[in-house]
Amino acid sequence: MTTAYAELTQRLADLTALEEVVGILSWDQEIVMPSGAADARGRQLSTVQVVAHERLTHPRLAELLATLRHDPTLDTTQAANVREAQRDVNKATRVPSHLVRALGETAVRGHEVWVGARKNKDFQEFAPVLTELVDLAKQRAAAIAPDRPAYDVLLDDYEPGMTMARLDPIFARLKEVLLPLIARVRAAKDVPDMTWLAQHVPAENQRQVGEKIVRSMGYDFSRGRLDTSVHPFCGGAGPTDVRITTRYNENAFLGSLTGLVHETGHALYEQGRDLSLADQPVSRPRSMGIHESQSLLWEKQVAHGRAFWQAHYPELQQSYGFLQDKPLDDFLRGVNYVNPNNFIRVAADELTYPLHVILRYEIERDLFSGQLDVRDLPTAWKERMRGYLGITPPDDAVGVLQDVHWSGGAFGYFPCYTLGALYAAQFYQAAVAEHPEIPARLAEGAVEPLLGWLRRNVHQVGSRLETDALVVAATGRMLDPEAFLSYVTAKFTRLYQL
């Protein structure tokens, strides 16, 4: 290791430590912080973030990266670490401080305005500040990469390397298959009774069941914990301190259970990272889409499938008496119930969810290209909802105002949700091709060899490889929606006897 590289890794380790402090402060704010401490917590968080920004933009860090960028003595992991650090520095230094400040201040104000507008079901209350946020996002994109379309730059924040040119045909293919499949499901005459999904289950019962499931998936409680929050999330401070949360609805037990499996998938990714490089950018999860693939692989590919419940359903029946006489087939239809009449993205089923995401992507894409104006969004939202799902939101609260993302300026985030589903299907398909015994082992309650395959091909890889290279190395081909489409077509044709 050269002296320059050693100094670089120390500086990057210090930055990682600051990021981890922010992670703990943010987790504490959501879980245990007294409400009266909000102002102090804001001061603490902003101070740590300012210190981190100063270190990231320090001239010495830029000097080290310039020295190392073409150093032939670096191995592939070290070169990838330099590449990832350079990416962080480029974004931090190219955006002027006054724009960073304006984005932060407007996002805080935007969230407060959004909360009120959503409560009042009135998009026009939110439109002026949203216009400001869009304009600021365009300015930031131009500062980072003036020669690229603004929305491509925003996509790159969450899914490095992704562009509209790649997304458009992928999403077009999804619509081509999903729209007629959903129509067939909607027309199906054999609609199962789903009233049992609303059976009352005390929160403590749900917690006990959920914790057993989490442990069976391989979540390490010596490096993690499970808590309750208003909005479930996975947070913490690196791979040795991973914290997941869930919420319990006593009249919708299945949502909390599958949601907990989802967050555990995120946590397994974090706990599976390379500990020897945990304080370096090269160890970080590759992208939001890849991170989402891990949560969706466990939630959908595994915990919505027969093999998983062959192992866990008998115990669930013992815990929840009303399931005693419910055959596994009926339970699986409940887990995979399709509701095309649902307006809300976060409540959407596996089959209709991609259309909720595509709708948002197309609106954002057209907004940043100038084809749509902010004032046009409610109408565009309703038109696309009618076209894709045959339903019209009755008001803005369950339509254009339902998501928090735009109020904080998080443009370009939505596609990651569906990209995650596509990656998940492709990863699972590749894992089973390499280890055909995976379904049988899941039916026995064993997560190996699936978890081992993910550790080797995704978790430990971190950001050593860029996204396309990671996917090719793991699955033998670039991102391909066909794995997901064949999976959902076979599953829902079978479940709904189409």
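The values are calculated or read from the model by the stated rules, or taken from the named source; none is laboratory data. Everything numeric in this text was worked out from a predicted model, so none of it was measured. Backbone-built Cβ (ideal geometry, glycine too); neighbour counts: all protein chains shown.
Can you tell me which residue among E292, E270, E299 is part of a helix (DSSP H, G or I), closer than 27 Å to Y353 by Cα and touching a Pro at 6+ places or on another chain (Cβ under 6 Å)?
E270
Checked across segment 103-124, the condition of being hydroxyl-bearing (S, T, Y), closer than 30 Å to I290 by Cβ and under 22 Å from the mean Cα position of the chain (by Cα) holds for no residue. Considering (1) surrounded by 17 or more Cβ atoms within 10 Å (Cβ to Cβ); (2) of a type outside the set (S, T, Y); (3) in a loop (DSSP other than H, G, I, E, B), the lone condition that R243 does not fulfil carries the number (3). Across segment 399-409, the qualifying residues are those that are crowded, with 16+ Cβ neighbours inside 10 Å and part of a helix (DSSP H, G or I), and the one among them that is modelled with the highest pLDDT is W406. Scanning segment 2-21 for residues that are exposed (fewer than 15 other Cβ atoms within 10 Å of the Cβ) and either in the same structural domain as R284 (by TED's automatic domain parsing) or free of Cβ contacts under 8 Å to residues at least 40 places away in the same chain (or both) gives T3, A6, Q10. Annotation: of all residues in segment 378-392 being assigned to a helix (DSSP H, G or I) and in contact (Cβ under 8 Å) with a residue 12 or more places away in the chain, the one that is nearest to R186 (Cα to Cα) is L389.
Figure legend. Inter-residue proximity from segment 262-285: first residues under 17 Å from E211 (Cα atoms) and assigned by TED's automatic domain parsing to the domain that holds R223, second residues of a type outside the set (D, E, K, R) and part of a helix (DSSP H, G or I), beta-carbon distance below 6 Å, spacing 6+ or different chains. Indicated pairs: H262/S295; T264/V214; G265/Q294; G265/S295; G265/W298; H266/S295.
Here's the yes/no breakdown for (1) modelled with pLDDT of 95 or more; (2) not assigned by TED's automatic domain parsing to the domain that holds R273:
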{"position": "R69", "(1), (2)": "no, yes"}
{"position": "T77", "(1), (2)": "yes, yes"}
{"position": "E112", "(1), (2)": "no, no"}
{"position": "A117", "(1), (2)": "yes, no"}
{"position": "Q124", "(1), (2)": "yes, no"}
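Looking across T258, T264, one residue alone is under 17 Å from the mean Cα position of the chain (by Cα), at pLDDT below 95, part of a helix (DSSP H, G or I) and under 29 Å from V488 (Cβ atoms). It is T258. In segment 222-255, which residue that is among the aromatic types (F, W, Y) and closer than 19 Å to H200 by Cα is nearest to the chain's Cα centre (by Cα)? Among them, the one singled out is Y248.
Against the test of being more than 26 Å from the chain's Cα centre (by Cα), among the basic types (K, R) and outside the structural domain of G399 (by TED's automatic domain parsing), the options R60, R41, R87 yield a single qualifying residue, R60.
Would you pick out the residues in segment 22-60 that are closer than 20 Å to P232 by Cα, without any contact (Cβ under 8 Å) to a residue 24 or more places away in the chain and among the β-branched types (V, I, T)? If the condition is that a residue be closer than 20 Å to P232 by Cα, without any contact (Cβ under 8 Å) to a residue 24 or more places away in the chain and among the β-branched types (V, I, T), then V32 is the only one that fits. Restricting attention to segment 274-284, the residues being surrounded by fewer than 22 Cβ atoms within 10 Å (Cβ to Cβ) and assigned to a loop (DSSP other than H, G, I, E, B) number 4. The residues of segment 291-319 that are of a type in the set (K, R) and more than 17 Å from the chain's Cα centre (by Cα) amount to a single one, R306.
Yes or no: L155 on the phi < 0 side of the Ramachandran plot, in contact with a Gly (Cβ under 6 Å, 6 or more places away or on another chain) and modelled with pLDDT of 95 or more? Taking the combined requirement at face value, the residue satisfies it.
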